[in-house]
Amino acid sequence: MEQKRRIRYIISFLILILGIGLFFVLNICIGSVKISLSDVLSSFTGKEVGETVRSIIMNIRFPRTAAVFILGGALALSGYLLQTFFHNPIAGPFVLGISSGAKMCVALLMVFLLGHSVKMNSASLILAAFFGSMISMGFVLLMTRKIHSMSMLVVCGVMIGYICSAITEIIITFASDADIVNLHNWSRGSFSGMTWDQVKVMAVVVAAAFVVVFLLSKQLDAYNLGDSYAKNMGVNVSFLRIMIVILSGVLSACIVAFAGPISFVGVAAPHLIKKMFGTVKPILMIPACFLGGSLFCLFCDLLARNLFAPSELNISTVTAIFGAPVVIVILQSGKREKKR
């Protein structure tokens with residue numbers, strides 16, 4: 001039995017890695033300008049290729065695809081942490097309004113800085129997004145003290161998200177600077193316009209958060225079995241909860257700062273990965289959720305760019321099409337379990 005589980009885990013990881021490799025290449029090759037695989041390989045190996053093709057690959061598509069890989073994984077990992085924290089399969093940064101809170105603060109910062117002709121940097125955007133995510137998370141945590149129903153908690157999170165989104169739209173609508181028009185695409189979620197400088201920053205932040213989360217895997221495993229069990233195993237539950245909140249906030253902040261709010265990935269990807277692996281062990285789920293979120297977003301971004309080319313869909317539009325049905329399935333399965 002144990003041998004079969006190990007084989008299942010290995011096959012599942014191989015599927016995720018091969019899928020990521022496939023869609024990574026497709027995202028670079030397919031677009032308004034078709035690029036052959038040989039041209040992509042030539043660009044990476046330094047062989048001679050057209051200057052226009054090289055520029056498209058190295059300055060536009062490659063950094064964008066790398067950002068999708070990093071932020072997609074971060075989004076799924078953030079969702080996994082929140083689901084673990086609330087013991088709720090539909091908890092996620094978008095559902096609980098955490099992404100919307102981050103979006104609101106980033107929009108405020110952008111409007112303020114652009115209004116005073118101050119140049120924005122990645123660090124300031126991440127800090128603003130983290131502050132906003134913590135505000136929303138704080139409201140959600142306050143609700144948990146008065147509302148014991150997880151379904152009602154999710155509803156409250158959605159309402160918080162709507163309030164923050166409404167404030168963001170007001171900020172953007174009445175902003176005087178002409179550059180604020182560009183915020184509309186960002187506010188609906190988009191991976192366009194990624195640069196290598198941004199990729200470097202997000203890679204460092206997400207990698208650091210991933211390592212810390214992975215080091216907490218044993219404590220998370222005990223936490224999944226209940227507070228009493230975790231305490232008996234020597235886990236400092238209060239500290240662990242604080243770490244989960246901070247780490248999920250950092251990951252959500254990084255996503256929103258660079259790509260805006262992206263819906264349903266944080267809920268759908270962890271659920272699909274749990275079904276795929278047939279386990280909830282954090283030591284497996286943490287890397288698997290990251291890879292699953294990356295694969296999900298690479299697939300959705302490919303569709304967003306090419307489905308109605310040359311027009312580009314917002315990434316949240318595509319992720320909602322594939323992610324929302326997963327949430328419906330989760331809710332239906334929850335009702336069936338209650339009836340039993």
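Any read-out appearing in this document is the output of simple, stated calculations on the displayed coordinates, not a laboratory observation. Small disclaimer: the values here were computed from a predicted structure and weren't measured. All Cβ positions, even for glycine, are placed from backbone atoms using ideal geometry, and neighbour counts span all protein chains on display.
Tabulated data
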| item | result |
| --- | --- |
| Rg/Rg_ref, the stretch 191-340, where Rg_ref = 2.2 N^0.38 Å and atoms are Cα | 1.18 |
| Choice from Ala129, Ala259, Ala230 with maximal GNM fluctuation in the chain (Cα, 10 Å cutoff) | Ala230 |
| The stretch 2-339: mean projected area of Cα convex hull, nm² | 19.1 nm² |
| Ranked Ile7, Ile244, criterion: other C-beta atoms within 10 Å, fewest first | Ile7, Ile244 |
| ³J(HN,Hα) computed for each position of the stretch 131-139 - Karplus, 6.51 cos²θ - 1.76 cosθ + 1.60, integer Hz, glycine/proline x | 4, x, 5, 6, 5, 5, 4, x, 5 |
| Rel. contact order, % - alpha carbon contacts under 8 angstrom, at least six apart, the stretch 1-147 | 15 percent |
| Rg and Dmax of the stretch 269-340, Cα atoms only, in Å | 15.0, 50 |
| Cα lying deepest toward the dipole's positive end in the stretch 2-106, options Gly50, Pro63, Phe13, charges on Cβ | Phe13 |
| GNM result for the chain, Cα springs below 10 Å: residue of Ser165, Ser238, Ser100 fluctuating most strongly | Ser238 |
| P(r) tail fraction, the stretch 40-83 - alpha-carbon pairs more than 11 Å apart, % | 68 percent |
| Relative contact order (%) - the chain, alpha-carbon pairs under 8 angstrom, separation at least six | 30 percent |
| Over the stretch 14-173 - Rg/Rh using Cα atoms and the Kirkwood inverse-distance radius | 1.10 |
| Dipole in debye (nearest 20) - the stretch 167-302, about Cα centre, beta carbon charges: Lys, Arg +1; Asp, Glu -1 | 640 debye |
| Net dipole in debye of the chain [+1 Lys, Arg Cβ; -1 Asp, Glu Cβ; about Cα centre; nearest 20] | 1340 debye |
